[in-house]
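Novice: For reference, the structure I am asking about is given below.
The values are calculated or read from the model by the stated rules, or taken from the named source; none is laboratory data. Here the structure is a predicted model, which is why all the values come from computation and not from measurement. When we count neighbours, we look across all protein chains shown, and the Cβ atoms used for this are built from the backbone with ideal geometry, even at glycine.
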Amino acid sequence: MMRLMLMMALLCSACEAPPVFAGEEGDERQKGPALGRIEGQVIVGTATRGRIVLFLYDAARPPPPVGTGRPLTFTVVSRESVFGAALDGDTGPFTAPFAFSLRGPGRYLIRGFVDSNDDFIPWYGVTADTTQGDVGGAAIDPVTRASRVVEIGVDEAGLPIPALDVPVSFSDAAKLPVDRPIFSVVGGMESVMLNGQPKVIELQATPINEGVMNQPTPAFLVRFVDDNADGVPDDANGDGIPEVWPRVVVRKIQTGPNPLIDENDVDKNGIVDAVGESYEHSNAPDDDQPDVVVLAAGFDVTEYAPALVDAMGRVKTTPTAVPRLKLVLQPRAFDAANPTAPQPIRAVPIGHYAITVIQQTGQTWRVPNELGLEDALRPVGLPLVSSQSFVIKVQ
Amino acid sequence: MSSRNSRVRALFVAAMLLPALVWADARVEARRHFKTGMALIADGKLDDGISELLEAYGIRPHPNVLFNIARAYEAGGRPAEALVFYNRYLDANPPDAEKVREIALKLEAQAPKKVTPIAPAEEPREVKRAPQVDEATVKRLDALAERLERAVEKAEARVETPAPAENKPVAADDFGVPYEETVVAASRRAQATLDAPNAITVITGDEIRASGLVSLADILRRVPGAEVMTMGLASANVSFRGFNQRIANKVLLLIDGRPEYQDFLGVTLWGVLPVGLEEIERVEVIRGPGSALYGANAMLGVVNVITRAPGSGPNAEFNAMAGNANLAGGSFVASGGDKVRFRASVGYQQGDKYTRDYANDRPDLISTSDDPNLGLRSARGNLTAFYAFNKDYSIALSAGVNRLYTELYALGLLRNYTLDGLGGYAKFDFTGGPVKFRFFWNHSNFDAKPQYEPIGQRSLATSVDTNVFDGEALFQKEFSLAGTHVVAIGLSARLKRVSWGYIGPLTQEVHAAAFVQDEWRIIKPLTLSASYRIDRHPLLDKGKPGYAQSPRVSLVVRPFESHAFRASFATAFRQPTFLESYMDIRTPVPGVTGASVLTSGNRELRPERLISFEVGYRGELPQLGITVDLAGYWNIVNDLIVLSAVNPVNPADAFDEPSQSFLLGRSLFTNDAQEYTARGAELGVTWNATKGLDVRASAAFQSVVANGRVSVCGPCTQAPAVKVNAGFIYRTPVNLDLSADLSFVTSTIWVEREPSPQDPTQITNPQNPLAAYTVINARVGYRLFNDKVTVAVVGSQLGPSHQEHPFGNNVNRRVFAQLTVQP
């Protein structure tokens, strides 16, 4: 019996917490390394009501209008938790907590908006943006009021350090005056061919009010770019043509039935695929890396130029909403895999190209989009808008 | 005292004492002696044969052995001894008492003196009347008598031994063929295993105790064809002949006829059963469809746990255990009574998880448990009482409660959950001649939540409250009409009430069923069993009440006494669970706090369907102590209930107010359009090699294929092609008990739903390879104080650490000490 007791004592002395599953091959997704999180509060100063949608971006790939980055994730702060039973007209400020869970170490940007008309749906390009009346917001430095980079660091033990108490501010100063720059190409064409000569097409702001699409006031917000605020339109590429908002990107899309996929971005994450199409560059050895093919294109705002400057001839700081814009397409292509140093491509790659208009507000619109897809491909519940299937063809 | 008298007395007294000695599987051992004895008697070796019969009787008293001894003595011209044993037989109040009493009276008339029940007073003249007994035999019997006399003296020196079993009431079922294994699960009445219309495996309580294992699921690994998938310490999934899964739902577990199937989820909580393993008399496992008798959910098999009858077994038993990883437990079982017999028990068990999914203080995840190490905690109590008004009328009442904490690995995108709550039951049985009534109430009240949740993500914690009320009437009658028929007719109704955050407000269903079965013994070696059951389910007809029919036909041929060949056709079904019919939850997309996947129940599901063809052979070579069980099956499975792909919701419904998140899509429970064929063979062999040593081995081979075109077939790759189990139990004559078993399962590939690691909003079905694994368990025990105290060291999962499912714990070693006291 003594031996038994001794044995039991030994066994009990071996009691210990179960080991942590180290994660075996094929199981990393379930029990992988520790991640971090971002927590903070939204601080909302507006009479606009609605749920708040927050987006998290890689700081290296900022969203429009600065860049073309796509959100890594998003979260929702309920209207109830922000505004509770606040009276109409009360501008707050209102606060509510938010969190981005399961984020790895890195540097991030946070953007968001108060969805004033509950029309944001993240799953479709045509619904995944702000519309008129929404109130924008961002994580900003409380002192400089500049956009703040939120960092999940790593401690000495290699564990991520959560980013906590991050404020994200919203105010009526960022209230959106118009809907997205929804457009159709004047003339009712399904496509236009670019064949060695410059081509001008005209984009018409086009309201869509059908089904979940309820954007009655699309417009192009036009102004000269004046980043250095000297009152003179910028000409960063030195081509003698002033830069303007909105910007336009004409990008080659994947060959195939689904025109929503950009070439070399099959997973639609905004990052160039590791493997893909590569084209011969004009002035550099071919790198065999997948290219982001864009056409040289820009808006011709000559007819609106007088309205874009003040009486002193200085660039107006506020944009002018216009219903039409002329888009000039050049038969030249670039590899914009590195957007800061696009490389010319020897020959314009054959294929189809999509037009994306980017407002200074960050609102975008792309054609072709889901509304132009044939029935079999178009998501159920989205209306068919034939003008939204337009493509630029290069043969 | 004459040598003859002393021999008879010594043999008989020794036989009474022998139950205290050691046997591995008492029934097998006794059967071997019985068969040997009968063969010797048939060869004219009367005394040798009778000594074997007495040996058998000593191992496990059976009234018919006494009858056979009496018959042998009578046929051998020794009426005095015959009378002794006829009288002993009559003490058991057998069904043929009247007839035997007449024989006894005749013998008394022949005998010059009245013979006492214990020892015949008259010196038998067996040598003259039994000339076949030669001198050598006489010497051998004399030697045996001397040895047994010494055993008697030794036994008398001991403290009081337990009363022989024959002093206890003997049920009518006990008057069958001696030591023939009987089961009740296959036909809802006691019958020889050889006559069972299904492939069936019996695990005795002795085997369970000898294994030292504390989980019924672990013990089921020894059933040919069983698939036991350990996810956590107290979380296991059990299936037969393929189709195992997280929340395995195609096997029905019954405890004394009461289902332990959790109707709301379709799962069995194998690790936290309301009764302790020490209370189990035997486990009968039907491998294959059982819906013809048990209705829904007995699709791939039935595990019927039969606990010790109230008043049987030791009057008191105390068990305690402690081991590594916080493993500890204990139980106390009391059993007794005279007019009103009872069994009462209390028990407690706890243990840490094999492995934790995550370390402490993660910056991204939080454990929702107070003790994140804990894998199992159960505190239970049971009371069963039985009262017999007379031979034909009796009532039984039982009730139990179980405060439990366990893990559960849920479906789809859900992972490791914990259940923390209370289970309880109450059951009433009435037997009145050929009619039996049964009523039970099953209750569960759990808090259920994911054990780990990302910080900042909406919680999926929920609570569930279920009540199931069930009543059944069963009529059984035997009659003759072109052979012998045993007819059973049953009616049952069940009310299920579930209140669960995942399905909405209180939901209830009323089910009803009727069944009939006829076992027709056309001629002696041939039995045809035909069963038919119809179940009414409130949703089976596209959301309206509908019916599921389960016929079964089986032919059993026993061309030789201990050999049976079986062919059967059966259908079975599994009804949609509450989860599958009514589920309505939004599962957060990992890492995308603003998005959820809606998982919806479907009220128009068809039941899962199985059509089964089976052939089998079961043979016993009692003199060698060998039993062979061979089965081959061909199963066709249709309408498996699965989760559909995540399909986009209508954009107008994209934002979900309850969860304040955007719905990435909706996954609906649906019937798989694919038809599957499962084919396989199972071989099980047990060998009572020598006294105290039982060796057991089994192998199962199977193939599951999709009958249509399919790019990835989960049920096909998830079914292990080969399962092997082998083990032994050796109860040595020096009070040392050894047992070990090994299970080997070949590799599988599990197709499970997961968010894409690159983009969690893409829900994918990757294939997760799972390596082959081996489970080894062993026990070393030592018996003290005339077996009243047993100490043992048990090792479970002694083989290499492994996973039995890609999401499960990394199963590793548990070693614990056990103490059993039977004062």
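Novice: Please find, among B:Arg814, B:Arg753, the residue that is closer than 30 Å to A:Pro71 by Cβ and within 12 Å of chain A (Cβ to nearest Cβ).
Specialist: When all the criteria are applied, what remains is B:Arg753.
Okay, residues lined up against (1) outside any loop (DSSP other than H, G, I, E, B); (2) touching a Ser or Thr at 6+ places or on another chain (Cβ under 8 Å); (3) of a type in the set (Asp, Glu); (4) closer than 20 Å to A:Arg366 by Cβ:
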| residue | (1), (2), (3), (4) |
| --- | --- |
| A:Asn264 | no, no, no, yes |
| A:Lys268 | no, no, no, yes |
| A:Phe299 | yes, no, no, yes |
| A:Ala311 | no, no, no, no |
| A:Thr318 | no, no, no, no |
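Novice: Do we have B:Ile203 as at pLDDT below 95, assigned to a strand (DSSP E or B) and surrounded by fewer than 24 Cβ atoms within 10 Å (Cβ to Cβ) here?
Specialist: The answer is yes for B:Ile203.
Novice: Something else about it: How about region B:675-695: which of its residues are modelled with pLDDT of 95 or more and of a type outside the set (Val, Ile, Thr)?
Specialist: Answer for region B:675-695, where residues must be modelled with pLDDT of 95 or more and of a type outside the set (Val, Ile, Thr): B:Glu675, B:Tyr676, B:Ala678, B:Arg679, B:Gly680, B:Ala681, B:Glu682, B:Leu683, B:Gly684.
Novice: Looking at region B:325-356 only, could you name the residues that are crowded, with 21+ Cβ neighbours inside 10 Å and either facing chain A (nearest Cβ under 9 Å) or in a loop (DSSP other than H, G, I, E, B) (or both)?
Specialist: B:Ala325, B:Asn326, B:Leu327, B:Asp352, B:Lys353, B:Tyr354, B:Thr355, B:Arg356
Novice: Quick one: would you say B:Leu668 is more than 14 Å from chain A (Cβ to nearest Cβ) and either over 31 Å from the mean Cα position of the chain (by Cα) or among the acidic types (Asp, Glu) (or both)?
Specialist: Against the criterion (more than 14 Å from chain A (Cβ to nearest Cβ) and either over 31 Å from the mean Cα position of the chain (by Cα) or among the acidic types (Asp, Glu) (or both)), B:Leu668 qualifies.
Novice: Kindly check whether there is at least one residue in region B:632-646 that is surrounded by fewer than 20 Cβ atoms within 10 Å (Cβ to Cβ), more than 30 Å from B:Gly680 (Cα to Cα) and within 14 Å of chain A (Cβ to nearest Cβ).
Specialist: No: region B:632-646 contains no residue that is surrounded by fewer than 20 Cβ atoms within 10 Å (Cβ to Cβ), more than 30 Å from B:Gly680 (Cα to Cα) and within 14 Å of chain A (Cβ to nearest Cβ).
Novice: Next question, about the same structure. Only one residue in B:Ser596, B:Ser568, B:Ser600, B:Ser581 is touching a residue at least 12 places away in the same chain (Cβ under 8 Å) and within 14 Å of chain A (Cβ to nearest Cβ), so which one is that?
Specialist: Going through B:Ser596, B:Ser568, B:Ser600, B:Ser581 in turn, the sole match is B:Ser596.
Novice: Would you pick out the residues in region A:15-66 that are within 7 Å of chain B (Cβ to nearest Cβ), in contact with a Gly (Cβ under 7 Å, 6 or more places away or on another chain) and either modelled with pLDDT under 85 or assigned to a loop (DSSP other than H, G, I, E, B) (or both)?
Specialist: Matches in region A:15-66: A:Lys31, A:Leu35.
Novice: From the list B:Gly225, B:Gly242, pick out the single residue that is farther than 22 Å from B:Phe807 by Cβ and either in contact with a Ser or Thr (Cβ under 7 Å, 6 or more places away or on another chain) or assigned by TED's automatic domain parsing to the domain that holds B:Trp441 (or both).
Specialist: None of the others qualify; the one that does is B:Gly225.
Yes or no, residue by residue, for (1) hydroxyl-bearing (Ser, Thr, Tyr); (2) more than 14 Å from chain A (Cβ to nearest Cβ):
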residue: B:Tyr452; (1), (2): yes, no
residue: B:Gly456; (1), (2): no, no
residue: B:Thr462; (1), (2): yes, yes
residue: B:Phe479; (1), (2): no, yes
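Novice: When you go through (1) more than 21 Å from A:Lys175 (Cα to Cα); (2) surrounded by 18 or more Cβ atoms within 10 Å (Cβ to Cβ); (3) at the interface with chain B (Cβ under 10 Å from one of its Cβ atoms); (4) not β-branched (Val, Ile, Thr) one by one for A:Gly69, which number turns out not to apply?
Specialist: Only one criterion in (1) more than 21 Å from A:Lys175 (Cα to Cα); (2) surrounded by 18 or more Cβ atoms within 10 Å (Cβ to Cβ); (3) at the interface with chain B (Cβ under 10 Å from one of its Cβ atoms); (4) not β-branched (Val, Ile, Thr) is unmet by A:Gly69, namely (3).
Novice: Now, a different point. From B:Arg606, B:Arg574, B:Arg679, which residue is buried (at least 24 other Cβ atoms within 10 Å of the Cβ) and basic (Lys, Arg)?
Specialist: B:Arg574
Novice: Where the second residue is surrounded by fewer than 24 Cβ atoms within 10 Å (Cβ to Cβ) and at pLDDT below 95 and the first is not assigned by TED's automatic domain parsing to the domain that holds B:Val251 and lies in region B:299-313, which pairs have Cβ atoms under 8 Å and are six or more apart or on separate chains?
Specialist: Cβ pairs passing all conditions: none.
Novice: Mind counting the residues in region B:357-367 that are at positive phi and more than 10 Å from chain A (Cβ to nearest Cβ)?
Specialist: Total satisfying the criteria: 0.
Novice: For A:Ala321, are the conditions met, namely being modelled with pLDDT of 95 or more, small (Gly, Ala, Ser), under 30 Å from A:Gly211 (Cα atoms) and not assigned by TED's automatic domain parsing to the domain that holds A:Gln132?
Specialist: No; evaluated as a whole, the condition is false for this residue.
Novice: Moving on. For the subset of region A:358-379 comprising residues that are outside any loop (DSSP other than H, G, I, E, B) and not small (Gly, Ala, Ser), which member is nearest to the other protein chains (Cβ to nearest Cβ)?
Specialist: Residue satisfying both the conditions and the ranking: A:Glu370.
Novice: For region B:368-379, which residues satisfy the criterion of being surrounded by fewer than 21 Cβ atoms within 10 Å (Cβ to Cβ) and either more than 9 Å from every other protein chain (Cβ to nearest Cβ) or over 32 Å from the mean Cα position of the chain (by Cα) (or both)?
Specialist: B:Thr368, B:Ser369, B:Asp370, B:Asp371, B:Arg377, B:Ala379
Novice: Next question, about the same structure. Return the only residue of B:Gly625, B:Gly619 being more than 30 Å from A:Ser81 (Cα to Cα), touching a His at 6+ places or on another chain (Cβ under 6 Å) and not β-branched (Val, Ile, Thr).
Specialist: One residue alone meets the criteria, B:Gly619.
Novice: Return the pairs, sorted by first residue and then second, in which the second residue is not in a strand (DSSP E or B), the first residue lies in region B:610-621 and is of a type in the set (Ser, Thr, Tyr), the beta carbons are less than 7 Å apart, and the residues are 6+ apart or on different chains.
Specialist: Note: pairs meeting the criteria are B:Ser612/B:Gly288; B:Ser612/B:Pro289.
Novice: Moving on to the next point. Considering region A:188-208 alone, what residues qualify as being in a strand (DSSP E or B) and not acidic (Asp, Glu)?
Specialist: A:Ser191, A:Val192, A:Met193, A:Leu194, A:Lys199, A:Val200, A:Ile201, A:Leu203, A:Gln204, A:Ala205, A:Ile208
Novice: So, one more: Among residues belonging to region B:577-603 that are closer than 29 Å to B:Pro651 by Cα and polar (S, T, N, Q), point out the one that is surrounded by the fewest Cβ atoms within 10 Å (Cβ to Cβ).
Specialist: This residue is B:Ser600.
Novice: Quick check on region B:299-308. Is at least one of its residues of a type outside the set (Val, Ile, Thr) and either over 24 Å from B:Phe515 (Cβ atoms) or surrounded by fewer than 22 Cβ atoms within 10 Å (Cβ to Cβ) (or both)?
Specialist: Taking every residue of region B:299-308 in turn, at least one turns out to be of a type outside the set (Val, Ile, Thr) and either over 24 Å from B:Phe515 (Cβ atoms) or surrounded by fewer than 22 Cβ atoms within 10 Å (Cβ to Cβ) (or both).
Novice: B:Val685: closer than 30 Å to B:Val646 by Cα and either of a type in the set (Gly, Ala, Ser) or within 29 Å of the chain's Cα centre (by Cα) (or both), yes or no?
Specialist: no
Novice: Among the residues of region B:778-791, are any under 30 Å from B:Gln718 (Cβ atoms), away from chain A (no Cβ under 11 Å) and buried (at least 21 other Cβ atoms within 10 Å of the Cβ)?
Specialist: No; the residues of region B:778-791 include none that is under 30 Å from B:Gln718 (Cβ atoms), away from chain A (no Cβ under 11 Å) and buried (at least 21 other Cβ atoms within 10 Å of the Cβ).
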